[in-house]
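Working notes for the structure below.
The values are calculated or read from the model by the stated rules, or taken from the named source; none is laboratory data. Predicted model only: the values in this text are computed from it and were never measured. Note that each Cβ is placed from the backbone with ideal geometry, even for glycine, and that neighbours are counted across all protein chains shown.
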Amino acid sequence: MRFILNIDVPDLVPAIRFYTDAFGLTLSRIIEDDVAELTGASSVIYLLQNVPGSRCAPSIPQGRDYARHWTPVHMDFVVEDLQAAAGRAIGAGAVRESECVEWNGSKCITFSDPFGHGFCLIEFEGDTYGMGESKPVDP
């Protein structure tokens, strides 16, 4: 199974600029003038241009609103150097929303992109979160 990420944005050009500058992603191609394919992460990211107020699905009456946290899903970008990555993200237009939090072998800072999407920059001591307190999984 592969995983791709689609991000709704109100305007493709500034979104491409932000995601390529902030995270070092590469614009691979533009599809039909309103979709940008970005590579350079562990998954392909597609920026989907959708104007504010447009509907996500016919059954959902609320239109898109690019205010902060209009969706409960956010992205985590795992980085090698948290402070350097934070500087690049802020320089590209991100808004820093928290101080650095250390938890289970990780350091994390939360941000929002210029389009209202939340994201975290995370630096791990190892490959992923440390052990901490865990509970057995019962499938």
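Taking the conditions (1) part of a loop (DSSP other than H, G, I, E, B); (2) of a type in the set (A, V, I, L, M); (3) under 16 Å from the mean Cα position of the chain (by Cα); (4) more than 30 Å from Gly105 (Cα to Cα) in turn, Val73 satisfies each one other than (4).
Filtering region 18-42 to residues that are among the hydroxyl-bearing types (Ser, Thr, Tyr) and part of a loop (DSSP other than H, G, I, E, B) leaves only Ser42.
Does Val51 satisfy the condition of being in contact (Cβ under 8 Å) with a residue 12 or more places away in the chain and either within 29 Å of Lys107 (Cβ to Cβ) or out of contact with any Asp or Glu (no Cβ under 9 Å at 6 or more places or on another chain) (or both)? For Val51, the condition - in contact (Cβ under 8 Å) with a residue 12 or more places away in the chain and either within 29 Å of Lys107 (Cβ to Cβ) or out of contact with any Asp or Glu (no Cβ under 9 Å at 6 or more places or on another chain) (or both) - is not met.
A single entry from Phe115, Phe111 fulfils the requirement of being crowded, with 18+ Cβ neighbours inside 10 Å and assigned to a strand (DSSP E or B): Phe111. If I ask for residues that are outside any strand (DSSP E or B), modelled with pLDDT of 85 or more and over 15 Å from the mean Cα position of the chain (by Cα), which ones from region 43-63 would you list? The answer is Asn50, Val51, Pro52.
Whenever a residue of region 113-139 is within 13 Å of Gly93 (Cα to Cα), its partners that are at pLDDT below 85 and aromatic (Phe, Trp, Tyr), lying with C-beta atoms within less than 7 angstrom and at least six residues away or across chains, give the pairs Phe115/Tyr66; Gly116/Tyr66; Gly116/Trp70.
Is it true that Asp21 is of a type in the set (D, E, K, R), exposed (fewer than 14 other Cβ atoms within 10 Å of the Cβ) and either at pLDDT 90 or above or in contact with a strand residue (DSSP E or B) (Cβ under 8 Å, 6 or more places away or on another chain) (or both)? Taking the combined requirement at face value, the residue does not satisfy it.
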